[in-house]
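Report on one structure; see the data block that follows.
No value in this document is a laboratory result; all are computed from the given coordinates. Note that the structure is a prediction, hence the values are computed from the model and not measured. When we count neighbours, we look across all protein chains shown, and the Cβ atoms used for this are built from the backbone with ideal geometry, even at glycine.
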Amino acid sequence: MIKGGHLHYGIPIGVLCLESYFAKPAGHVRNPLSFRFPVVCHVVRGIDVPRLLFNPTPDLMEPFIQAARQLEKDGVKGIVGSCGFMALFQKELSQCVRIPILASSLAQLPLLRLAHGPEARIGVLTASAGALTRAHFAGVGEDRNNYVVQGMEASKVFSDTILTGLAPDMDEDAMREDICATAERLHADHALDALLLECTDLSAFARAVQQRINIPVYDINSLAEYLAYSVCRAAYPVCRG
């Protein structure tokens, strides 16, 4: 028997999304070509990137809670967020639904600290270093001072495309080079052991970043893959020899 009552079936992951209209190439959490499994997106209307990053008032929490509950009701098995700054709401969101929710790529930081050790230099590449506060790190149980934080706000290509919306059409080559060059400078300055891409808009270029700096690179996609693997376990081949 298959239990009914849901809008979606066979969907491991739902994505809580900001309302944004810039281009989202393969590799972006909101592009379905990014994953080997189906995802469904729920856009929280009226909350865009500037609103969440630069004016995160307490009233923003309730729309995200309602969206998470709707995704659960619709039938997804786990939830991730489309913006790392949703770390502000991680604790409250995980308490409002019965399915697992990892609202921000920052949720990986405790695991990365375990994996790489207490003395490891772990970088966090974010959309805006000034907007990524101690409260975001505290939302996932970490201290901002233990990480090397670098923002992309000085990049005109990134800022115009993602932060201000002045250039909604993305120049992929220019974006890739700006992101890789920023990551390269960060690694050169701090001899990083690992890099976390806080911003989901960086994920489409994660492979290029890793090829440039040759260290482990984590992002929202690695988190979504982990969660999807956990909520929808695959069958293994059976050897009957």
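Quick notes on this structure:
- Sum of -39500 (n - 2.57) over DSSP H runs of 4+, divided by residues of the chain (222 nm, nearest 500): -9500 deg cm²/dmol
- Annotation: peptides 112-118, 125-131, 91-97, ranked by per-residue average of other Cβ atoms within 10 Å with the highest first, follow the order 125-131, 91-97, 112-118.
- Modelled this way, with points 7 Å down the Cα-to-C-beta line, the labels at D160 and T57 are 3.2 nm from one another.
- Helix 61-74 and the longest principal axis of the C-alpha atoms of the chain enclose an angle of approximately 40°.
- Packing-based exposure ordering (other Cβ within 10 Å, fewest first) of T57, T182: T57, T182
- Shown for the chain is the translational diffusion coefficient from the Stokes-Einstein equation, using the Kirkwood radius over Cα pairs, a temperature of 37 °C and a viscosity of 0.692 mPa s: 179 µm²/s.
- The order of the peptides 66-75, 102-111, 231-240 by mean Cβ neighbours within 10 Å, most packed first, is 102-111, 66-75, 231-240.
- Among R134, R121, R30, the largest mean-square fluctuation in a Gaussian network model of the chain, built with springs joining Cα atoms closer than 10 Å, belongs to R134.
- Principal-axis tilt of helix 172-190 within the chain, Cα atoms, nearest 10 degrees: 70 degrees
- All C-alpha pair distances within segment 45-132, sorted into 10 Å bins from zero, spread as 15, 43, 31, 10, 0 percent across the bins.
- Cβ-Cβ FRET estimate between V40 and D169, R0 fixed at 35 Å, reported to 0.05: 0.85
- Rounded to the nearest 20 debye, dipole of the chain from Cβ charges on Lys, Arg, Asp, Glu: 1060 debye
- Treating r as the C-beta distance of A138 and I2 and R0 as 41 Å, the FRET efficiency rounds to 0.50.
- Mean shadow area of segment 1-53, taken as a quarter of the surface of its Cα convex hull (nm²): 5.0 nm²
- Annotation: amide H of V149 within the under-5 Å range of V124, sequence separation 5 or more or interchain, hydrogens built in the peptide plane.
- Span from the segment 14-39 Cα centroid across to the segment 103-117 one, whole angstrom: 22 Å
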